[in-house]
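Structure, as structure tokens:
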Amino acid sequence: MKTRITELFGIQHPIIQGGMHYVGFAEMAAAVSNAGGLGIITGLTQRTPEGLAAEIARCRTMTDKPFGVNLTFLPAVTPPDYPGFVKSIIDGGIKIVETAGNNPQKYLPALKEAGVKVIHKCTAVRHALKAESIGCDAVSVDGFECGGHPGEDDVPNMILLPRAGETLKIPFVASGGMADGRSLVAALAMGADGMNMGTRFIATVEAPVHPHVKQAIVDATELDTRLIMRPLRNTERVLNNAAVEKLLATEKELGPKLTFADIAEEVAGVYPRIMKDGEMDAGGWSCGMVAGLIHDIPTVKALIDRIIAEAESLIRQRLEGMLAA
Ligand SMILES: Cc1cc2nc3c(=O)[nH]c(=O)nc-3n(C[C@H](O)[C@H](O)[C@H](O)COP(=O)(O)O)c2cc1C
């Protein structure tokens with residue numbers, strides 16, 4: 001399948017693995033890139049620019065295919081050394097960066113000068129247009145159903161993607177709720193040039209997370225995610241668990257008086273405990289509604305091959321068949 005996204009990034013299949021905190025290590029990115037998609041290392045999971053440089057080098061020993069780095073600009077307790085991370089990306093020869101959160105404008109000149117292609121992840125058409133206007137090469141359009149931060153507009157992909165399609169000139173990928181060949185064909189039909197997946201890639205053999213995390217995704221249904229931190233305008237879609245229930249009770253009790261400190265215990269620094277140690281009730285961790293469509297733990301290659309085969313058969317048999325009838 002050839003699309004503007006496969007052409008832009010020099011990849012075989014129009015499938016991207018979005019940056020994921022404490023999941024996007026070299027093992028994850030290399031597995032996706034080796035299977036013909038675009039794997040992405042999560043920059044900030046490496047605590048320092050030196051750590052990121054080492055992770056990029058480690059990934060190079062695992063794949064000779066293109067892979068990218070995610071740089072997330074979100075409210076943080078201690079702001080990360082972004083210029084240092086950008087330097088590690090450029091010095092490490094990375095040619096694709098996925099930015100997310102705030103506007104990446106400040107770092108675009110340095111990235112562009114180094115020949116880096118930037119795909120900005122956004123949750124609203126107005127943000128996608130802004131990304132286009134400041135020179136981003138592509139955008140990833142994240143609908144309300146996505147795992148992680150869906151923004152505050154709550155527009156699902158059935159509306160958001162066609163709106164992006166009728167508005168943008170640069171290519172975009174559909175993100176949020178994508179799991180299989182059906183997702184890919186639907187995304188293409190709505191104007192996207194590919195798709196980005198988060199949650200689906202965690203439930204794979206190669207995802208470098210505790211088996212409890214993979215099993216939790218397989219066990220979850222589409223009804224099992226919750227939105228947290230909405231009163232702080234930093235909404236995150238997470239899998240429900242005991243800590244999330246406690247957090248939501250605190251949000252309800254404090255109402256508009258809520259501050260980050262009131263819920264820090266359930267969100268700050270919990271990722272290593274969940275992803276590495278498998279302590280599933282340690283706190284809130286991002287997970288999409290798409291968990292309801294995830295029923296197995298295949299290898300990344302088996303997953304991507306299956307998606308492409310299913311997409312092909314949907315187009316050639318189901319859709320063409322309807323026209324021929
Ligand atoms: C566990 C987890 C951690 C994530 N961490 C980040 C992150 O650090 N930065 C980022 O830009 N997106 C992050 N995301 C969002 C994904 O890159 C992607 O946009 C999202 O998962 C797409 O929705 P889906 O889960 O329905 O596929 C995370 C998602 C998950 C599931």
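No value in this document is a laboratory result; all are computed from the given coordinates. Every value quoted in this text rests on a predicted model; they were computed, and no experiment measured them. Counting neighbours? That spans all protein chains shown, and the Cβs are built from the backbone with ideal geometry, glycine included.
As a proxy for reagent exposure, Phe201, Phe25 were ordered by neighbouring Cβ count within 10 angstrom, fewest first; the result is Phe25, Phe201. Footprinting exposure proxy ranking of Met197, Met229, Met289, fewest other C-beta atoms within 10 angstrom first, gives Met229, Met289, Met197.
When Asp219, Asp137 are arranged by Cβ crowding within 10 Å, least crowded first, meaning fewest neighbours, the order is Asp219, Asp137. Taking the Cα centre of each part, how many Å lie between the stretch 127-151 and the stretch 251-316? The stretch 127-151 and the stretch 251-316 have Cα centres separated by 19 Å. Which entries of Lys95/Lys130; Lys214/Lys301; Lys121/Lys246 show an alpha-carbon separation above 19 angstrom in the structure shown? The pairs that break the limit, which is 19 Å between Cα atoms, are Lys95/Lys130; Lys121/Lys246. In this Cβ point-charge picture (+1 for Lys and Arg, -1 for Asp and Glu), the chain has a dipole of about 740 debye about its Cα centre. Taking Cβ atoms as reference points and 13 Å as the exclusive limit, the residues near Ser140 contribute a net charge of -3, counting Lys and Arg as +1 and Asp and Glu as -1.
Measuring max minus min along each principal axis, the C-alpha atoms of the stretch 244-325 give extents of 61, 31, 16 Å (largest first). Candidate cross-link partners of Lys276 among the aspartates and glutamates, defined by an alpha-carbon separation under 16 Å and a same-chain spacing of 8 or more, comprise Glu27, Glu206. Dividing the alpha-carbon radius of gyration of the chain by the rule-of-thumb value 2.2 N^0.38 Å gives 0.95.
Taking a sphere under 11 Å around the Cβ of Val125 and counting the other residues whose Cβ falls inside, with K and R at +1 and D and E at -1, yields a net charge of 0. Once you have a ≥ b ≥ c as the square roots of the Cα gyration tensor eigenvalues for the stretch 88-198, tell me rounded if a/c is under 1.5, and otherwise prolate or oblate according to whether a/b is larger than b/c. Cα axes put the stretch 88-198 in the prolate bin. Express the relative contact order of the chain as a whole percentage, based on alpha carbon pairs under 8 Å and six or more residues apart in sequence. That works out to 17 percent.
As a length-normalised measure over Cα pairs under 8 Å and 6 or more apart, the relative contact order of the stretch 80-229 settles at 15 percent.
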